[in-house]
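Participant: Got a structure for you, questions after.
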Amino acid sequence: MKKRKFPLSKVFSLLQSGPTVMVSTTLKDKTNIMTMSWHMMMEFEPPLVGCIISEQNYSFELLKKSKECVINIPTVELADKTVRCGNMSGRNQDKFQKLALSSLAASMVKAPLIAECYANLECKVVDTRMTNKYNMFVLEVVQAWITPMKEKPRTIHHLGGGEFLVGGETVSYRSRMK
């Protein structure tokens, strides 16, 4: 098989594995939602998530000051709203209202859950040592919520350039694990 060079600026699209999420934040009377695909699991228990949020995003300021957020995991049915959310600023508008999304009160943080998302992870910032240099926050999931579904959720995974991969099919190799 012949190989060809791949642009370094597109390498991220080969490694994106987690679902695209919607991060909700609150500070005083300001609430925002941003779309994010740059995140990773860092530990099982307690569950730690690393996420990259550009300092140019309004959510960066809210998260840095409030030190808490909710990671909301949408399914493909919310793909249009997820993409639209990622292409508008919440600095001067209410994205919940603009996108017709419902907020639910969280139990451990002030930021709201997005009711339409199939899973919601209430998070607190536990490490900011890499925030100034890399815009990376380490979050601890302190409460998790899920909507029971009969089928596996069909999540969306950002590949760049407006393209997404839809997940949802499960392939098991458990019988080969010993």
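Participant: Could you work out the relative contact order of the chain? I mean the mean sequence separation of Cα pairs under 8 Å and 6+ apart, divided by the number of residues, in percent.
Facilitator: Value for the chain: 24 percent.
Participant: Give the span of the range 95-178's Cα atoms along each principal axis, as three whole-Å numbers ordered largest to smallest.
Facilitator: Sorted largest first, the three principal extents are 42, 35, 33 Å.
Participant: Over the alpha-carbon set of the range 1-118, work out the extent along each principal axis and list the three values in angstrom, largest first.
Facilitator: 56, 34, 28
Participant: Also, quick follow-up: Solvent-accessible area of Asp127, probe 1.4 Å, all protein chains present, reported in Å² to the nearest ten, please.
Facilitator: Near enough 30 Å² of accessible area.
Participant: Let me ask something additional. So the label point goes 7 Å from the Cα of Ser54 along Cα→C-beta, right? Which residues of the range 70-84 then have their backbone N under 19 Å from it?
Facilitator: Under 19 Å, as judged by backbone N against the label point of Ser54, lie 82-84 of the range 70-84.
Participant: Additional query: Taking 23 Å as the cut-off for C-alpha to C-alpha distance, list the pairs among Lys98/Lys133; Lys28/Lys64; Lys67/Lys150; Lys67/Lys152; Lys65/Lys133 that go past it. Don't skip to the answer; put the middle values down first.
Facilitator: On the way: Lys98/Lys133 33 Å; Lys28/Lys64 13 Å; Lys67/Lys150 35 Å; Lys67/Lys152 32 Å; Lys65/Lys133 17 Å.
Those over the limit are Lys98/Lys133; Lys67/Lys150; Lys67/Lys152.
Participant: Right, next: Sticking with the crude label model, points 7 Å out along Cα→Cβ, report the distance from Leu104 to Leu159 in nm, one decimal please.
Facilitator: 3.2
Participant: What are the ³J(HN,Hα) values, in whole Hz, obtained from phi via the Karplus relation 6.51 cos²θ - 1.76 cosθ + 1.60 with θ = phi - 60°, for each residue of the range 75-87 in sequence order, with x given for Gly and Pro?
Facilitator: With the stated coefficients, the range 75-87 comes to 9, 4, 4, 9, 4, 4, 5, 5, 5, 4, 4, x, 10 Hz.
Participant: Can you work out the FRET efficiency for the pair Val83 and Thr147, with r the C-beta to C-beta distance and R0 = 22 Å, to the nearest 0.05? Can you show the working numbers first?
Facilitator: Values: r = 21 Å, r/R0 = 0.96.
Rounded to the nearest 0.05, the efficiency is 0.55.
Participant: While we're looking at this one, here's another question. Given labels modelled 7 Å from the Cα in the Cβ direction, how far is it in nm from Glu43 to Met177?
Facilitator: 2.2
Participant: For the chain, report the accessible area per residue in Å² (1.4 Å probe, heavy atoms, rounded to an integer). Write down the numbers at each step before the final one.
Facilitator: On the way: 11690 Å² over 178 residues.
Roughly 66 Å² per residue, with all protein chains present.
Participant: Taking amide H positions as placed in the peptide plane 1.01 Å from N, state which residues far from Leu139 in sequence (5 or more) or on other chains have amide H under 5 Å from it.
Facilitator: Counting only residues 5 or more places away or on other chains, the set is Val49, Gly50, Cys51, Val126.
The values are calculated or read from the model by the stated rules, or taken from the named source; none is laboratory data. Treat the numbers as computed from the prediction; the structure is a model and nothing was measured. Here Cβ is always computed from backbone atoms with ideal geometry, including for glycine, and neighbour counts include all displayed protein chains. Just so you know, the surface numbers come from the protein's heavy atoms only, side chains and all, with ligands and any DNA or RNA stripped out. Shrake-Rupley method; radii C 1.70, N 1.55, O 1.52, S 1.80 Å.
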